[in-house]
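Inspection log for the structure reproduced underneath, given as C-alpha cells.
The values are calculated or read from the model by the stated rules, or taken from the named source; none is laboratory data. Predicted model, so just to flag it, every value in this text is computed and none were measured. We place every Cβ from the backbone using ideal geometry, glycine too, and count neighbours over all the protein chains shown.
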Amino acid sequence: MRRTSPVALVGIAIAGAAIGWLLQVGLTASGAPSFQPPPTLYSVLFILAFGLILLGRPVRRLIRGTARRPVDPFYAMRVLVLAKASSLAGALLVGAAVAFLGYAVSRTGTFAVPAFWPDLLTGLGALALCVAGLVVEWWCRIPPPDPAERPDRSLEQR
C-alpha cells in the first residue's frame, strides 16, 4: 500500500470545502437554517483520533522491536487501512469545516456567531483525525531491508 499523498489530502480537503460551501448555500437559499455541527460530531472526531493512536501503538512497538508479544499481521493490516481511511476522511471533514466556518463568518462579518465555535472545533477534530491517521500510517511502515543482511547477488549473476 502506498503512503497517503499530501496532494491527495489537499485535493480531498478542497472537495470537502466545495461540498460544505454548496451545502450551506443550498440550505439558506431554500429558507432552511444553515448547518451547525452538533457537539457529538467534534467529540467523536477527537475520540476516533485518540483511539486510532491507541490501536497503532502495538504495531509501532513491533516494528521498533520493543513489543512484548507478537502482533497478528491481519491486525496490523487493518490498523493501516483504518489509518489511511482516517486521514482521507479527516481531510474531507477539514475542508467542510473550513467552508462552514467561512460561510458563517462571511454572512455576519464577525466571529461572534453561534456557529463559530462548533465549526472551529469540528475543524480541529477533523484535523486531529487526519494527523492521527498519517502518524499511524507512518508507524505501520516496514523499514527497508538492511543491505548488510542481504546475500551477495554477484554469485547469482554468474
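Figures for the structure shown
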quantity: Conditions (1) within 21 Å of Thr40 (Cβ to Cβ); (2) touching a helix residue (DSSP H, G or I) at 6+ places or on another chain (Cβ under 6 Å); (3) not in a helix (DSSP H, G or I); number of the one not met by Val71; calculated: (1)
quantity: Count of residues meeting criterion [farther than 27 Å from Arg78 by Cβ, in contact (Cβ under 8 Å) with a residue 24 or more places away in the chain and not hydrophobic (A, V, I, L, M, F, W, C)] in the range 29-54; calculated: 5
quantity: Pairs, first part of a helix (DSSP H, G or I) in the range 112-141, second charged (D, E, K, R), C-beta under 6 Å, six or more apart; calculated: Glu137/Lys84; Trp139/Arg60
quantity: Selected residue (only one of Pro147, Pro114, Pro143 is within 30 Å of Thr28 (Cβ to Cβ) and either more than 22 Å from the chain's Cα centre (by Cα) or at pLDDT 95 or above (or both)); calculated: Pro114
quantity: Conditions (1) under 17 Å from Met1 (Cα atoms); (2) touching an Asp or Glu at 6+ places or on another chain (Cβ under 8 Å): number failed by Val59; calculated: (2)
quantity: Boolean, Gly125 is farther than 18 Å from Pro38 by Cβ, among the small types (Gly, Ala, Ser), modelled with pLDDT of 95 or more and out of contact with any Lys or Arg (no Cβ under 9 Å at 6 or more places or on another chain); calculated: no
quantity: Residue match in the range 34-51 (condition: at pLDDT below 95, of a type outside the set (Phe, Trp, Tyr), farther than 17 Å from Gly90 by Cα and part of a helix (DSSP H, G or I)); calculated: no
quantity: Filter result for Ala83 (within 10 Å of the chain's Cα centre (by Cα) and under 23 Å from Arg64 (Cβ atoms)); calculated: yes
quantity: Meets criteria (part of a helix (DSSP H, G or I), closer than 20 Å to Gly125 by Cα and out of contact with any strand residue (DSSP E or B) (no Cβ under 6 Å at 6 or more places or on another chain)) for Ile63; calculated: no
quantity: Qualifying residue in the range 1-24 (condition: touching a residue at least 60 places away in the same chain (Cβ under 8 Å), assigned to a loop (DSSP other than H, G, I, E, B), more than 16 Å from Val94 (Cα to Cα) and not β-branched (Val, Ile, Thr)); calculated: yes
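Residue by residue, here is whether (1) in contact with an Asp or Glu (Cβ under 7 Å, 6 or more places away or on another chain); (2) basic (Lys, Arg); (3) surrounded by fewer than 19 Cβ atoms within 10 Å (Cβ to Cβ); (4) not in a helix (DSSP H, G or I) holds:
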site	(1), (2), (3), (4)
Met77	no, no, yes, no
Ser86	no, no, no, no
Val94	no, no, no, no
Ala99	no, no, no, no
Ala104	yes, no, no, no
Arg107	no, yes, yes, no
